[in-house]
Amino acid sequence: MPHQESDKDKDVDDINSTRSMSVTREDFVEFFTKYEKKHGDLVCPLCQSSVWGLPSREDSPEHLAIVTLPIPFSPGRGMWAYPIICKECGYIVTFAANKVSAVIKGV
């Protein structure tokens with residue numbers, strides 16, 4: 001059965017979308033640095049490098065790129081994620097934009 005979105009769901013989605021789109025590359029670097037200080041360097045599972053690149057949005061180079069991961073059986077819906085790319089081999093790691101943006105913005 002297709003997901004029926006209520007007005008409340010749409011409002012929450014709009015708030016989450018706006019917050020996720022507002023995260024800058026600088027915001028994410030600060031978040032990522034704190035994460036690595038607490039848990040150690042994020043190591044690429046393919047090549048063992050710990051050097052990562054942050055792609056920027058086409059329309060706003062100071063903001064982090066967002067990719068959409070499709071949700072099965074939910075046409076037109078997806079989960080947003082921030083990608084980071086291993087500088088050595090190109091492996092891509094994604095972070096849930098909704099969760100990370102909430103942490104960054106203190107929600």
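The values are calculated or read from the model by the stated rules, or taken from the named source; none is laboratory data. These numbers were taken from a predicted model, which means no experiment stands behind them. Neighbour counts run over all protein chains shown; Cβ positions are idealised from the backbone, glycine included.
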Within segment 28-48, how many residues turn out to be assigned to a loop (DSSP other than H, G, I, E, B), touching a residue at least 24 places away in the same chain (Cβ under 8 Å) and surrounded by 11 or more Cβ atoms within 10 Å (Cβ to Cβ)?
4
Among residues of segment 65-107, those that are part of a loop (DSSP other than H, G, I, E, B) and either at pLDDT below 95 or farther than 18 Å from F31 by Cα (or both), counted:
14
Name the single residue, out of those in segment 87-100 being among the small types (G, A, S) and within 8 Å of the chain's Cα centre (by Cα), that is surrounded by the most Cβ atoms within 10 Å (Cβ to Cβ).
A97
May I ask you to list pairs of residues, at least six apart or on different chains, whose Cβ atoms are under 7 Å apart, with the first in segment 80-107 being in contact (Cβ under 8 Å) with a residue 12 or more places away in the chain and the second being assigned to a helix (DSSP H, G or I) and among the β-branched types (V, I, T)?
Y82/V100
Scan segment 49-64 for residues that are surrounded by 15 or more Cβ atoms within 10 Å (Cβ to Cβ) and in a strand (DSSP E or B) and jot them down.
W52, H63, L64
